[in-house]
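For reference, the structure discussed in these notes is given below.
Every read-out reported here was derived from the displayed coordinates using simple, explicitly stated rules and does not represent laboratory data. In this text the structure is predicted, and so the values were computed from the model without any measurement. No Cβ is skipped: glycine too gets one built from the backbone with ideal geometry, and neighbour counts run over all protein chains shown.
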Amino acid sequence: MTDSTSGLYAQRNWWTLSNMISMSRIVLTIPIVYLLVQEGEAARWWALFLIAIAILTDSLDGKVARARNEITEEGKFLDPLADKIAVGIIAFVLAITGELPWWFVGIVLGRDVLIIFAGIYIKVRYGVLFPSNVWGKWAVTAIAFTVFVILLPIPALEPLEMIMMAICLIMLGISTISYAIRFFTAGKVVESK
């Protein structure tokens, strides 16, 4: 197996510590959304605290999987799905509350839908799941930090919001291109194993 395909094939198991950490990101979305629609600064700070925990789980699940040899097909599916669910729902709620522009949320959600359908196509056609790539992880991190900055109840940070959204758009563009390249070369990568 070549280096480019060694991460494509993994053991099968939903019930690993790393997968539970990924699932916790989805579960954390529920109290985060509840806090985001509440009035008051205390709710905002609690939402930020839970978002910070969710961001940490995104880094932790992969480290745990590698350290415990728990890289699974389910984990390769669950980790990016948890990112997309958490980011998508939180961004959607922030668009409803007027804290994120709808066009920005549309770009984020549109890209995620394309990536999901491309992944499903590759799985059906070639029988493999590609793990998230580094550009996708950086894009999710940029979105998470943008949301974090927007939610901070510090008026002096407002000029930073547009800069963060611009960085997000750049990272989303780069990651979309990298996923498109992977999509169009998937057959060659799988055949080279």
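Taking the conditions exactly as written (of a type outside the set (D, E, K, R), over 21 Å from ILE26 (Cβ atoms) and crowded, with 18+ Cβ neighbours inside 10 Å), does ILE115 satisfy them or not? In short, no. Tell me, which residue of segment 101-141 that is among the hydroxyl-bearing types (Ser, Thr, Tyr) and assigned to a helix (DSSP H, G or I) is farthest from the chain's Cα centre (by Cα)? Among them, the one singled out is TYR126. Taking ILE120, is it buried (at least 18 other Cβ atoms within 10 Å of the Cβ) and more than 19 Å from ARG25 (Cα to Cα)? No: the conditions fail for ILE120.
Among the conditions (1) touching a residue at least 12 places away in the same chain (Cβ under 8 Å); (2) surrounded by fewer than 13 Cβ atoms within 10 Å (Cβ to Cβ); (3) more than 16 Å from the chain's Cα centre (by Cα), the only one that ALA42 does not satisfy is (1). Looking across segment 133-163, just one residue is surrounded by 19 or more Cβ atoms within 10 Å (Cβ to Cβ) and of a type in the set (S, T, N, Q), and that is THR146. Consider segment 24-39 and keep the residues that are touching a residue at least 60 places away in the same chain (Cβ under 8 Å) and within 20 Å of LEU60 (Cα to Cα). The one that is surrounded by the most Cβ atoms within 10 Å (Cβ to Cβ) is ARG25.
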